[in-house]
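Worksheet: the structure to be examined is printed underneath.
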Amino acid sequence: MDAASIIGSIAGMLTTIAFVPQVIKTYKTKTAKDLSLAMFSIFCSGVSLWLVYGIIKQDWPIVATNMLTLILSGILLYFKFTFKD
């Protein structure tokens, strides 16, 4: 693996992991009132396009990190609709 791939993989892992504390906090508090529905909707759309891009380019670090990010941000969207504030 070349340096660019290593850097890209680390960047992808860090930006994906960044969502874990928010998912945990939202689940524990059972409130999502401070989460922006518009922001997460737009974000999920962008991540979906990154996922498609990674699949087309067959760049598996992009595919893996964006798939996990989409799952985590999708969970937050689910919480936004499920937890009544």
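Annotations for the structure displayed:
- Among helices (runs of 4 or more DSSP H) entirely within the range 14-85, having at least 3 residues that are closer than 28 Å to Ala4 by Cβ and touching a helix residue (DSSP H, G or I) at 6+ places or on another chain (Cβ under 7 Å) singles out 37-57, 60-82.
- Any chance Phe81 is of a type in the set (Phe, Trp, Tyr) and surrounded by 12 or more Cβ atoms within 10 Å (Cβ to Cβ): no
- The C-beta contact set for the range 64-85 (first residue under 13 Å from Val47 (Cβ atoms), second residue among the hydroxyl-bearing types (Ser, Thr, Tyr), distance under 6 angstrom, 6+ apart or interchain) comprises Thr65/Thr16; Leu68/Thr16; Thr69/Thr16.
- Verdict on Ser9 being under 23 Å from Phe79 (Cα atoms) and either out of contact with any Phe, Trp or Tyr (no Cβ under 8 Å at 6 or more places or on another chain) or modelled with pLDDT of 95 or more (or both): no
The values are calculated or read from the model by the stated rules, or taken from the named source; none is laboratory data. All values reported here derive from a predicted model rather than from experimental measurement. FYI the Cβ positions are ideal-geometry reconstructions off the backbone, even for glycines, and counts take in every protein chain you see.
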